[in-house]
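Read through the structure below, which is laid out as structure tokens, and then see the notes.
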Amino acid sequence: MTDDGPRPDPAESPLVRAVMNLAAFHRDHEKYYASAPREQAVGIQRHARTLQALADHWSTAEPSTRQPFSPFEGADDLNATAAIQLDGVLFLEGGEEPAELRRLERDLRAMAEDQLSTSDWLATAMTASWEMAASFLPFDELADLLGERHRIIANDWQAASLGQLAGRVLLRALEILDTVELTPTGLRRPGALAVAANRLWSAAELLDHAADLFSDSAGLVHDNERRWRVFRARVEQLLADHGA
């Protein structure tokens, strides 16, 4: 059914001016989120490789029984060269859990919590944006761009869902790490190294998956760049045509 009543004037619509604001500021904002998650993904993958290197080494290592001369000597049975080079993880004979592993865990936890918070906000914002987008339906001048506007929202909504999942995956990887006593004493208990290797492999697998989710979310946001540009250009032309 069609409505033969008067059509709304875009120049007099607060909605049209609001979307001009969105197209300017949110387009720039999304340029950040089209790249930052990929940078984070690289860091997550590095941490995953560190855990994989340790797990690979521990899967075949035999616990050391030698008495070191210095507590600052590196533990031959626990250290993996790649882990030292990637994240600085160094097990010392007289030490506890390496400080670098604790930092890795802190960084991942902060990243997960930030990702969950940001993604929850974005999902809420896209719910509101989807409802607001219905207000564009009466404007004939924007009829051919309704798909673009809704695709922007859909992309961001999907990116939010991927971000929420990525945050949860990171936290579960950390929960797995929390089950391992990452000290020389704990790892040298009978059978501990083999079990720890299996747990680190599993944690690393989840980190790799989280990194992929981060990257995929950035790709969805990046897809909006042209859509924002086209939509803003049309709205600017609309306002100019109506003398606004």
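Descriptive notes on the structure:
- Binned Cα-Cα distance frequencies in region 11-241 - 10 Å width, integer %: 8, 28, 22, 15, 12, 9, 5, 2, 0
- Given 14 as the ceiling on other Cβ atoms within 10 Å, longest exposed-site-free region of the chain for chymotrypsin sites (Phe, Trp or Tyr not before Pro) in DSSP loops: 73-244
- Model label points for residue 21 and residue 202, set 7 angstrom from Cα along the Cα-to-Cβ axis, are 5.0 nm apart.
- Extension gain (nm, one decimal) between residue 70 and residue 172, 0.36 nm per residue minus Cα-Cα: 33.1 nm
- Separation in nanometres of the label points that stand 7 Å from Cα toward Cβ, at residue 185 and residue 110: 2.9
- Highest-first arrangement of 105-118, 168-181, where packing means the average Cβ count within 10 Å: 168-181, 105-118
- Projected label distance in nm at residue 62 and residue 134, using a 7 Å step from Cα toward the beta-carbon: 7.2
- Relative contact order computed over the chain (Cα-Cα under 8 Å; 6+ residues apart), in percent: 34
Values quoted throughout were computed directly from the atomic coordinates according to the rules given, and no laboratory measurement underlies them. Remember, it's a predicted structure, so these values are computed and weren't measured experimentally. Because the Cβ atoms are built from the backbone with ideal geometry, glycine has one as well, and the counts that use them run over all protein chains shown.
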